[in-house]
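J.: First the structure, which I've put down as structure tokens, then a few questions once you've had a look.
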Amino acid sequence: MGKLRFTFSCFHKPLFGWKGSFVVTQAGAERRVTFDHGMEGSIAEDCFFSMIAYRDGYTFDFIEGEMYEKSPFTFWDFLQQRKRWLQGIYLTVHSKHIPWKNKILLALSLYAWATMPLTTCQVFLCPLFPLPRWPVTDAMVALIAAVNLYMYVFGVLKSFSHKYRSNFLRLVLYLLAGIVTVPFNVLIENTAVVMGMYGQKDEFYIVKKDLHIIDV
């Protein structure tokens, strides 16, 4: 979310796309841009909408505030969600209706994500086949890794601190659990990339987020 907040606040443009979980639009602008763009605009409809609006000269901004949404409840739903995001952004980037000048940074972001299996492999290959290192590259890689780890910690604190403010130990346990699950998340993200790049790109998997309460 940091890159979206930065680009919206400073440039007022969706340079890296748009996360449509919480969206406020002017009714007239929404009708003119429309979410109805056929199949290619239906898989990641929020991202496609933002690129069309950007193409047509609409501006964006970030609204300060906090809102909560439900995450997928199962590994399979999480995998399918990430797969759909990748496929939808892929279709957006390759749409002939969006000029490259509007989607170039989104394309770079997409292919950085699509090559994630290769970057993950280097964790194991570098110790086996060490090459001369360039300090600047090492520093950039370390910064990216640190920011990603920080976002896990930040996400856990934001998700649970309001619930367990009075139970510090439980909050710490959730925090540690969030860090421990990072390798599982990386595995799922890599699997989603492979499935997304080589699978059918016209399927919309609906993640069920309804809670089922069982009386005992």
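The values are calculated or read from the model by the stated rules, or taken from the named source; none is laboratory data. This structure is a prediction, so every number in the text was calculated from the model and none was measured. Don't worry about glycine lacking a Cβ; one is built from the backbone with ideal geometry, like all the others, and counts go over all protein chains shown.
J.: Out of M197, M140, which single residue is over 19 Å from S71 (Cα atoms) and surrounded by 14 or more Cβ atoms within 10 Å (Cβ to Cβ)?
T.: Being over 19 Å from S71 (Cα atoms) and surrounded by 14 or more Cβ atoms within 10 Å (Cβ to Cβ) holds for just one of M197, M140, which is M197.
J.: Okay, next question. Given the condition without any contact (Cβ under 8 Å) to a residue 60 or more places away in the chain, within 18 Å of the chain's Cα centre (by Cα) and part of a helix (DSSP H, G or I), answer yes or no: does some residue in segment 26-35 qualify?
T.: No; the residues of segment 26-35 include none that is without any contact (Cβ under 8 Å) to a residue 60 or more places away in the chain, within 18 Å of the chain's Cα centre (by Cα) and part of a helix (DSSP H, G or I).
J.: Go over the candidates V123, V156 one by one and state the one that is assigned to a helix (DSSP H, G or I) and in contact with a Phe, Trp or Tyr (Cβ under 9 Å, 6 or more places away or on another chain).
T.: Residue meeting the stated conditions: V156.
J.: Looking at (1) within 30 Å of K101 (Cβ to Cβ); (2) surrounded by fewer than 16 Cβ atoms within 10 Å (Cβ to Cβ); (3) in contact with a helix residue (DSSP H, G or I) (Cβ under 9 Å, 6 or more places away or on another chain); (4) not β-branched (V, I, T), can you tell me which one G57 breaks?
T.: So the condition that G57 fails would be (3).
J.: Another question, if that's okay. Which one of F73, F60, F48, F11 is within 16 Å of the chain's Cα centre (by Cα) and either touching a residue at least 40 places away in the same chain (Cβ under 8 Å) or over 29 Å from G199 (Cβ atoms) (or both)?
T.: On inspection, the qualifying residue turns out to be F48.
J.: What pairs come out if I take residues in segment 167-189 that are free of Cβ contacts under 8 Å to residues at least 40 places away in the same chain and under 19 Å from F78 (Cα atoms) and pair them with residues that are of a type in the set (G, A, S) and part of a helix (DSSP H, G or I) whose C-beta lies under 8 Å away, six or more apart or interchain?
T.: Listed by first residue and then by second, the contacts come to G178/G155.
J.: Which numbered condition in (1) surrounded by 12 or more Cβ atoms within 10 Å (Cβ to Cβ); (2) at pLDDT 95 or above; (3) not hydrophobic (A, V, I, L, M, F, W, C) is the only one that R84 fails?
T.: Of everything listed in (1) surrounded by 12 or more Cβ atoms within 10 Å (Cβ to Cβ); (2) at pLDDT 95 or above; (3) not hydrophobic (A, V, I, L, M, F, W, C), R84 misses just condition (2).
J.: Please determine whether any residue of segment 68-78 is in contact with a helix residue (DSSP H, G or I) (Cβ under 8 Å, 6 or more places away or on another chain), at pLDDT 90 or above, assigned to a loop (DSSP other than H, G, I, E, B) and under 25 Å from A145 (Cα atoms).
T.: No, there is no match, as no residue in segment 68-78 is in contact with a helix residue (DSSP H, G or I) (Cβ under 8 Å, 6 or more places away or on another chain), at pLDDT 90 or above, assigned to a loop (DSSP other than H, G, I, E, B) and under 25 Å from A145 (Cα atoms).
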